[in-house]
Amino acid sequence: LQRSEFLRVLQSCVERLPERVAIVFTMRTIDGLDTDEIRDLLGVSAGNFWVMMHRARMSVRRCIEAKWFIPGRSSTTG
């Protein structure tokens, strides 16, 4: 149950990202595609890829912290 709740939070956070950034993040983090493969498919430079990944990770991290780690929330009750 907690896993499915977390996945809903994660999906909600990814949906808040700019479309291109969300695509890069999803392809790398969730789909597990290789960095070079993603860059070739989307036609982005290495520098641009890593900037988008950094921005996505920071944004998703902040979002998850705000939505998942709610003060007073028990980790056993979800």
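Here is how the numbers come out for the structure above:
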item: Cβ-Cβ under 7 Å pairs, at least 6 apart or on other chains, the range 28-54 side closer than 19 Å to Arg16 by Cα, far side open to solvent by less than 70 Å² (accessible area, probe 1.4 Å) and charged (D, E, K, R); result: Phe49/Arg39
item: Where Leu7 falls short, out of the listed (1) more than 12 Å from the chain's Cα centre (by Cα); (2) open to solvent by 40 Å² or more (accessible area, probe 1.4 Å); (3) at pLDDT below 95; result: (1)
item: Hits in the range 32-78 (condition: in a loop (DSSP other than H, G, I, E, B) and at pLDDT below 95); result: Trp68, Phe69, Ile70, Pro71, Gly72, Arg73, Ser74, Ser75, Thr76, Thr77, Gly78
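The values are calculated or read from the model by the stated rules, or taken from the named source; none is laboratory data. As the structure is a prediction and not an experimental result, all values here were calculated from the model. Ideal geometry is used to build each Cβ from the backbone, glycine not excepted, and the neighbour counts take in all protein chains shown. Quick note on the areas: whole protein, heavy atoms, side chains included, nothing else; ligands and nucleic acids left out. Shrake-Rupley method; radii C 1.70, N 1.55, O 1.52, S 1.80 Å.
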